[in-house]
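**Q** One structure follows; several queries about it will come next.
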Amino acid sequence: MNTTPTIPKRLLFNASMLVFVIQANQVGVGVLGFHRLIAKYVRQDAWIAIVIAGLAVHLILWVMVATLRMFDSSDLYGIHDAVWGKWLGRVLNALYTAMLAAPTLVIIETYIEVIQTWISVDIPSWFVSLSLLLLVIYGVLGGLRIIVGFCLLSVLSTIWLVLLAYYPLQYAVWSHLLPVFEAKLPDLLTAVQKMALTLSGFEIIYFVYPFVRDKHHAYRYSQIAALITNLIYLIAMLTATVYFSQEQLLHNIWAQLSILKIIQLPFLERFEYLIIPLWVLVILPNMLLYTWATTRGLKHVFHLSQKKGVYAVALITLGLGFLFNTRQKVNQLNDLFNTFYLYAVFLYPLLLYVVALIKTKWQRRQEGKQT
Amino acid sequence: MEHTHLPASLDAAVKQVKQALPISADLVVRTLHKRRMGVLFVNTLLDTELLQRAVLAPLQRLGGHAQTLQALMEIIPIASLKVTDNLQQTLEFLLRGWVYLHLDGIAQGLLIQTDQSPQGVIPEREYAVIGQQTAFTESLENNVALIRKLLPDTRLCNESLTVGRRSKTRVSMLYISDIADEQNVITLRQRMEDLEVDSVIASSILTQLIDDNSWTVFTQMLLTERPDRVTYDLLEGKIALLLDGNSLAILAPCTLWDYMKTSEDYNTRWNLTMLIRAMRIVAMFGSTLMTALYVAALTYHYQVIPINLLDSLIESRLRVPFPPLYEALLLEVIIELLREAGARLPTKVGQTMGIVGGIVIGEAAVQAGFTSNILIMLVALGALSSFTSPNYMFGIVIRLLRFPMILLAGWLGGLGILLGIAFLMLHLLRITSLGHPFLWPMYPLRLRNWKEGLLRLRLPSYAKRSDFTRPEDAERYSPAQAKQIHDIDE
């Protein structure tokens, strides 16, 4: 079933780039402060929750790619149309489009909060948001290939930060990890759920898949990407657990930044002042990819050209930014979307897969009857 | 080597030579005595005066009597003559600047030495210590000859074009037919034919007229004055444009890393070059960011500076009345002024300028409490780094990029710098040169081709050409032989 028009060859990119696209899209502002949210429920067993959540990501990625493979060269919007029919498909597409526009706002607001907490309260939030959105517009106008390129450069220029774990690990108290398996199962599951927004980002495969040149390799590379992300989160969580005492960890909103504070070089101290600006390169791929996917949705559902779509999305995000101006509101926003993403990214793909499987089987049988 | 016999008939011989040198605007065929006799030569390579005096004049005096080659040899007053019946040899000597004389009906020809060494000047803009000491002159024929001399290849095509309604500037488009991408050649030719301008005076103007993106500060076509650089790049599949009256050749398509290469990189051993090139690339990034980092650190993030360093910084800034942003801008502008003033002056006066600028202004500025010593050092270091750019134009780009970076740093601190970097990354990703991505091989990621720009490896690893232009002749030399490993005592 081919539901979207074929994509010109010059717009395609290699499957190996999916490693960078998915990994860049999964890691974002979340990694700076997810530790406390997980540790709250399972304390020293937080790493187990992350492993479980990571395994869930691998499973869902498999389901997603399997769904995409049923429909030759189509993205989620096309699949919705094919599976749910014209009207229901359209409603779902509109919902999904709206949902894809949201992360940009969440990311910008969270990032501004980090900047104002750690660097300077004087930096006006509207200005940061405006300049980030201008960069997003500039990038998205270049097309997906440019965005993929930016994901690559972003990953290459920030992946070395993982090595910085060496410094806090010098002060590690490994007994903080004991006793293992103390957390109860319901708590563990709650913790896993809290990882939803942090781990999300791999759903971008639903939208970039038609643009992959060698589609038979897409599955392998997206799994590699998810594996890298899981390892990054695991390393981050383990470092935080052995570095901080439990009480400290539970009171640290941005644990990752607090850890980086101890790094000292002869010419540089207070590494977090370097890391926070550098995080622009980490969050931009997320914003670029999500905005791009939103414009694809707007085009599919409302036949709005992608060019106009970018401006519209950026303008709305900028406007909504003025509403979320306090820590409480940003927190609520994060919690709200965590729940949203839990359903839309972690549970819904399973349903879609089953329905799509039944539908294709049924259609094939109908065709068999006709001939 | 192949051995093809020359045909007896003049027309057939001319046809064969023309087939072997398909697109050569400088190949001339002259027939004499009602097509009984043919004279073939590549006119960029030979001494025209000698040809007329010592070859054409005696031949014309003959008056069309049937002759043998031996008889002709008697009347041509030139030392080196060669009788040949071999097409390959003929082509080889034609491309060395010899004249080929063919008599209709004789399956042999006469090769006459009339070549002259092309004139070169000493390179001033791209100097090399070990490399060739020749740069292009301002004569088109001579410049083509300089390249033909380094590359007497039958596949080297020389297309002739004219641009400019009034200036009627002659342009030679050089490329190697089985290495360059056909599509690039078509694109470039099309762009020049579509040009509707009254004049094209300089090659740098032509690049601005035909490049992909005219808004950006980055030049997308490389200008060089070195014939050896052009030859290296032709062998990598690039296309060279030579303009009459211009001593700079245009190379396209280019990548960012081409601007960080010099032809000296090929002359020095690989490990030395690797180190030097890495230093150069770091210097260029450093040059754009150095002053901006100082401004950001001193204005917003003094905490990142360790206490000992901060002490000396504060001490040197004690008497400076301006905030770091203005201090940095002031110094940067002074350095730019010095450079601009020096660039317009003759060398002798220029040296005085350097002393006035460097010592008098620099020393006095600190004494007067205008700037801090540390900033002077950083700005000078930044300027120095920008001059490591092998390409003059690219050096200007780097120095220009510093100003927005400093402003952003003074405005938003580290965040501003990173916003600037992010923009630069997106911008560089969007630039193309003749439709080829500017950041190749970084993106699209081609790890195998990193050796072409970012790295410089041992020569055996260059057995295969890069796939930048998807060359038909994909090998420089046999990769199997390059990989051959000998055991001990073999």
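**Q** Setting aside same-chain residues fewer than 8 positions from B:K451, which lysines have a Cα under 29 Å from its Cα?
**A** Of all the lysines, those that pass the test against B:K451 - Cα under 29 Å, at least 8 places apart if same chain - are A:K9, A:K215, B:K149, B:K238, B:K261, B:K464, B:K483.
**Q** Sticking with this one: In the range B:150-202, which GluC sites (Glu not before Pro) are in a loop and have at most 15 other Cβ atoms within 10 Å, using DSSP for the loop call? Each step should come with its number before you reach the end.
**A** Numbers: sites: B:E159, B:E182, B:E193, B:E196; in loops: B:E196.
Counting only loop positions with at most 15 other Cβ atoms within 10 Å, the GluC sites (Glu not before Pro) in the range B:150-202 are B:E196.
**Q** From the square roots a ≥ b ≥ c of the eigenvalues of the alpha-carbon gyration tensor of the range B:290-448, which class results: rounded (a/c under 1.5), prolate (a/b over b/c), or oblate?
**A** oblate
**Q** Please return the longest stretch of chain B lacking exposed loop sites, where chymotrypsin sites (Phe, Trp or Tyr not before Pro) count only if DSSP places them in a loop and at most 15 other Cβ atoms lie within 10 Å.
**A** B:216-386
**Q** Next question. Scan the range A:140-226 for trypsin sites (Lys or Arg not before Pro) in coil per DSSP, keeping those whose Cβ has at most 16 other Cβ atoms within 10 Å, and list them by number.
**A** On the way: sites: A:R145, A:K184, A:K194, A:R213, A:K215, A:R220; in loops: A:K184, A:R213.
Loop-located and lightly packed - A:K184, A:R213.
**Q** Now for a separate question. I'd like to verify something in chain A: which complete DSSP H helices, judged by Cα projection on the helix axis, reach 30 Å or more and average at least -1.0 on the Kyte-Doolittle scale?
**A** Qualifying helices: A:46-70, A:86-118, A:218-243, A:272-302, A:348-370.
**Q** While we're here: Run the helix sum for chain A: -39,500 (n - 2.57) per DSSP H stretch of 4+ residues, divided by residue count, reported at 222 nm to the nearest 500 deg cm²/dmol.
**A** The helix-only estimate for chain A comes to -23500 deg cm²/dmol at 222 nm.
**Q** What's the local net charge at B:W270, with K and R +1, D and E -1, over the other residues with C-beta under 14 Å away?
**A** Local net charge: +3.
**Q** May I pose another question? Any idea what the dipole of the protein assembly as shown comes to, in debye rounded to 20, about its Cα centre with Lys/Arg Cβ at +1 and Asp/Glu Cβ at -1?
**A** 1900
**Q** Projecting each Cα onto the charge dipole of the protein assembly as shown (Lys/Arg +1, Asp/Glu -1 at the beta carbon, about the Cα centre), which of A:I263, A:V21, A:L169 comes out farthest on the positive side?
**A** The listed residue farthest towards the positive side: A:V21.
**Q** Can you give the FRET efficiency for B:S199 and B:T31, using 1/(1 + (r/R0)^6), R0 = 60 Å, r = Cβ-Cβ distance, to the nearest 0.05?
**A** So the FRET efficiency works out to roughly 0.95.
**Q** In percent, what relative contact order does chain B have, based on Cα pairs under 8 Å that are 6 or more apart in sequence? Mind showing how you got there, number by number?
**A** Values: 787 pairs, mean separation 68.2, N = 490.
This gives 14 percent for chain B.
**Q** What size of dipole, in debye to the nearest 20, comes out for the range B:10-112 about its Cα centre when the only charges are +1 on Lys and Arg C-beta atoms and -1 on Asp and Glu C-beta atoms?
**A** On the way: 10 positive and 8 negative charges, 52 e Å.
Here the size comes out at about 240 debye.
**Q** Something else now. Residues of the range B:19-48 with backbone nitrogen within less than 17 Å of a virtual label 7 Å along the Cα-to-Cβ line of B:A8, please, listed as ranges.
**A** Answer for the range B:19-48: B:36-38.
**Q** Could you do me a favour and compute the accessible area per residue for the protein assembly as shown, 1.4 Å probe, result in Å²? Please report the intermediate quantities before stating the final value.
**A** Values: 39000 Å² over 861 residues.
Here the per-residue accessible area is 45 Å².
**Q** Let me ask something else. Let me make sure I get this right: for chain A, a, b and c are the square roots of the gyration tensor eigenvalues over alpha carbons, sorted descending. Under 1.5 in a/c it's rounded, otherwise prolate if a/b > b/c, else oblate. Which is it?
**A** The shape class here is prolate.
**Q** Just going by the charge dipole of the protein assembly as shown, with Lys and Arg at +1 and Asp and Glu at -1 on Cβ, which of A:G309, B:A368, B:M279 is farthest out on the positive end?
**A** Going by the charge dipole, the pick is A:G309.
**Q** Another question, then. Kindly provide the trypsin sites (Lys or Arg not before Pro) of the range B:166-205 that DSSP labels as loop, not H, G, I, E or B, and whose Cβ sees at most 14 other Cβ atoms within 10 Å.
**A** Taking the range B:166-205 and a limit of 14 other Cβ atoms within 10 Å, the loop trypsin sites (Lys or Arg not before Pro) found are B:R166, B:K168.
**Q** Also, quick follow-up: Please state the relative contact order of the range B:268-437 as a whole percent: Cα pairs under 8 Å, 6+ residues apart?
**A** Computed value for the range B:268-437: 39 percent relative contact order.
**Q** Scan chain A and report its longest stretch carrying no chymotrypsin sites (Phe, Trp or Tyr not before Pro) that are both in a DSSP loop and have at most 12 other Cβ atoms within 10 Å.
**A** After excluding every exposed loop site, the longest remaining stretch is A:1-170.
**Q** At B:T352 and B:R476, where each label point lies 7 Å from the Cα along Cα→Cβ, what is the point-to-point distance in nanometres?
**A** Label at B:T352, label at B:R476, 4.8 nm between them.
**Q** Moving on. Between rounded, prolate and oblate, where does the range B:99-195 land on the alpha carbon gyration tensor, with a ≥ b ≥ c its root eigenvalues, rounded for a/c under 1.5, else prolate if a/b exceeds b/c? Kindly include the intermediate steps, with their values, before the conclusion.
**A** On the way: a/c = 1.76, a/b = 1.18, b/c = 1.50.
Oblate, because a/c is 1.5 or more while a/b does not exceed b/c.
**Q** Go through B:M73, B:S461, B:A107 and say which Cα lies farthest out towards the positive end of the charge dipole of chain B; charges sit on Cβ, +1 for Lys and Arg, -1 for Asp and Glu.
**A** B:M73
**Q** Another question, if that's okay. With charges set only on the Cβ (+1 for Lys and Arg, -1 for Asp and Glu), what does the dipole of the range B:136-293 come to about its Cα centre, in debye to the nearest 20?
**A** With only Lys, Arg, Asp and Glu charged at Cβ, the dipole is about 360 debye.
The values are calculated or read from the model by the stated rules, or taken from the named source; none is laboratory data. Predicted model only: the values in this text are computed from it and were never measured. Virtual Cβ from ideal backbone geometry, glycine too; neighbours counted across all protein chains shown. Note: accessible area is taken over every heavy atom of the protein model, side chains too, but ligands, DNA and RNA are not part of it. Shrake-Rupley method; radii C 1.70, N 1.55, O 1.52, S 1.80 Å.
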